[in-house]
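Everything on this sheet refers to the single structure shown next.
The values are calculated or read from the model by the stated rules, or taken from the named source; none is laboratory data. Note that the coordinates shown come from a computational prediction; the quantities given were computed from them, not determined experimentally. Positions of Cβ are backbone-derived with ideal geometry, glycine not excepted, and every protein chain shown enters the neighbour counts.
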There are 2 protein chains.
Amino acid sequence: MPTSPLRFADGALELLDQTLLPGEERWLRCERPEQVADAIRRLAVRGAPAIGVACAYALALAGPDFEQAAALLGSTRPTAVNLRWAIDHGRGVFESGGSLLEWARQVERDQVEADRRMAEHATALLSPGSRIFTHCNSGALATAGLGTGGGAIEAAWRAGLVEHVWVGETRPLLQGARLTAWELGRAGVPFQVVTDSSAGALMARGLVDAVMVGADRIAANGDVANKIGTYTLAVLADRHGVPLHVVAPLSTVDPATPSGAAIPIEERDPSEVVAGLPALNYAFDVTPYELVTSIVTEAGALSPPFTEL
Amino acid sequence: MPTSPLRFADGALELLDQTLLPGEERWLRCERPEQVADAIRRLAVRGAPAIGVACAYALALAGPDFEQAAALLGSTRPTAVNLRWAIDHGRGVFESGGSLLEWARQVERDQVEADRRMAEHATALLSPGSRIFTHCNSGALATAGLGTGGGAIEAAWRAGLVEHVWVGETRPLLQGARLTAWELGRAGVPFQVVTDSSAGALMARGLVDAVMVGADRIAANGDVANKIGTYTLAVLADRHGVPLHVVAPLSTVDPATPSGAAIPIEERDPSEVVAGLPALNYAFDVTPYELVTSIVTEAGALSPPFTEL
């Protein structure tokens, strides 16, 4: 069973603190929305679908202070649209007098089911013996179920289709080397960690059959915002004729964002890159749709324009 | 004045231990060739021209045991051809009964002069206001003079042509964030460190006017081996119409290596990437000549084939 990064128990949302993995498995108990917002901001919980689910539970913890919690949670991270998706849907429940906790539990169950379907659809795109390059973490820790890109890789491996996984370490916070490697190791999937700048050399040697990643926001025209470095992988994959599969739930697709140029890109603290020196730390980049082979959702592989969902 | 990474004094070669920079400036005193070989292997001295000069002095320290020292030094690192260049030239001096120390001093002086000329030629390729992306370290620490790519950047900045330098941190050993940033900071050149996977996003935003790097070996057909990640920069630069200038002395050009496919690529210990996990650690990659805008040597910008020098 994959490790879910969150659980609701005894009136609180408990989050596995992903900043401490793989060294320590510590659960944070959040009884108030502010604690969840803080956990999202400092990446204790991360991954677009997972922060969507965490946000849903945080809204359930807010009680009558819905709008105050929504404003706080909505300000934590700008790029992943799942936060806004959860706030918009939660507001409908709140205003109609429904149970936000019941709704949050349903959001989680829906994510688990969406992950299962995404993995099925994505597995169908892979051939036996695939050597897959992945970036950042899009496994179970990034959602609430199997994962998106990472869930698809693990499912494809269980189906006998995956020979090897190349895990880009994903600087500066090493979500690949810390989180994806931890997940693949527990599952028994064969992998090697490489520096992010190794992708080109691996492709030039013919050692990569597909790139598979998640997404933080997909614009109406199919442009994909994902962890910084994804665009570089896309350009390399294009040069080498390697397919790039983006696996993401429909809640990550944002018809209201016309193109990648309109996606706000989070700029994080330079000290995450290097201490005491001038640095620039974009957390995401945008891959134009022309470089994307497939966008795989729970409804199958979809093509833009995404005008309504 | 740039900091030279080596000096010969009191019968020994002293090397600035680059594994400790920028935290500590410690000089290693090498009285025997084995100590220099060890320093080269563990990257206390690195950069193709610098290890060529260090090798020359190490051969001078060998006395009558020339061939034993040559075999040891030649086995330290496979990719940079400057090691072999120094051994081949040193053997001629040894066999003709010349002074290896005098010769080594001349190798160092020649490198200083070559660096000066490379910087002049490379500066002529840049326009005012240039924002330059560089990778790894090709400054003074990598040679014995101004540097190759890094020396050219600093010279162009002194000529008023450089607005900003993007320093790729250069995982796994961070020669960019540790060494290039240290050099640029001391010189007063405006720079920011970025993760290696940020290059694509910066180019997509139009923030890079040129890529300038050094080289470890240039094959007869113009293919360039340099620090892993250079190939990725080349592919990105090609997509964005950004010129890629490779700055390297003639001693880095190897007419005996027909193409990049024949360049041995050093694979270093996986623990340099991540401890306790499966990892792969290629130290270099190969950029095909078709992606290289200029190869700048002390003799000016040259075009392949490099059949004789």
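Below is a table of values for the structure above.
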quantity	calculated
Sole exception among (1) away from chain B (no Cβ under 14 Å); (2) of a type in the set (D, E); (3) within 23 Å of A:T123 (Cα to Cα); (4) surrounded by fewer than 16 Cβ atoms within 10 Å (Cβ to Cβ) for A:E308, by number	(3)
Any hit, the range B:126-139, residues being crowded, with 17+ Cβ neighbours inside 10 Å, in a helix (DSSP H, G or I) and touching a helix residue (DSSP H, G or I) at 6+ places or on another chain (Cβ under 6 Å)	no
Unique residue being farther than 25 Å from A:V81 by Cα, in contact with a Pro (Cβ under 7 Å, 6 or more places away or on another chain) and of a type in the set (A, V, I, L, M) when the list is A:L161, A:L207, A:L146, A:L184	A:L161
Some residue of the range B:275-297 being away from chain A (no Cβ under 14 Å) and in contact with a Lys or Arg (Cβ under 9 Å, 6 or more places away or on another chain)	yes
Verdict on A:V167 being within 18 Å of A:T232 (Cα to Cα) and either touching a Lys or Arg at 6+ places or on another chain (Cβ under 9 Å) or without any contact (Cβ under 8 Å) to a residue 12 or more places away in the chain (or both)	no
Among the candidates A:P243, A:P255, A:P190, residue that is closer than 26 Å to A:A124 by Cβ, surrounded by fewer than 24 Cβ atoms within 10 Å (Cβ to Cβ), in contact (Cβ under 8 Å) with a residue 12 or more places away in the chain and at the interface with chain B (Cβ under 9 Å from one of its Cβ atoms)	A:P190
Qualifying position, being more than 19 Å from the chain's Cα centre (by Cα), more than 23 Å from A:R77 (Cα to Cα) and of a type outside the set (D, E), among A:L277, A:L244	A:L277
Residue check, B:G176 touching a residue at least 24 places away in the same chain (Cβ under 8 Å), away from chain A (no Cβ under 14 Å) and of a type outside the set (K, R)	no
Filter result (within 13 Å of B:Y289 (Cβ to Cβ) and part of a loop (DSSP other than H, G, I, E, B)) within the range B:221-247	B:N221, B:G222, B:D223
Among the candidates B:L73, B:L83, B:L101, residue that is out of contact with any Leu (no Cβ under 6 Å at 6 or more places or on another chain), surrounded by fewer than 19 Cβ atoms within 10 Å (Cβ to Cβ), touching a residue at least 40 places away in the same chain (Cβ under 8 Å) and not β-branched (V, I, T)	B:L101
Inter-residue pairs, beta-carbon under 6 Å, first under 19 Å from B:I153 (Cβ atoms) and in the range B:105-122, second of a type in the set (D, E, K, R), 6+ apart	B:A114/B:E298; B:R117/B:E298; B:M118/B:E298
Check on B:S130, more than 20 Å from B:L202 (Cα to Cα), modelled with pLDDT of 95 or more and touching a strand residue (DSSP E or B) at 6+ places or on another chain (Cβ under 8 Å)	no
Top-ranked residue of the range A:258-295 - restricted to ones that are in contact with a Leu (Cβ under 7 Å, 6 or more places away or on another chain) and within 27 Å of A:D238 (Cα to Cα), ranked as surrounded by the most Cβ atoms within 10 Å (Cβ to Cβ)	A:V292
Residue ID - farthest from the other protein chains (Cβ to nearest Cβ), chosen from residues in the range B:215-240 that are touching a His at 6+ places or on another chain (Cβ under 9 Å) and closer than 25 Å to B:T307 by Cα	B:N226
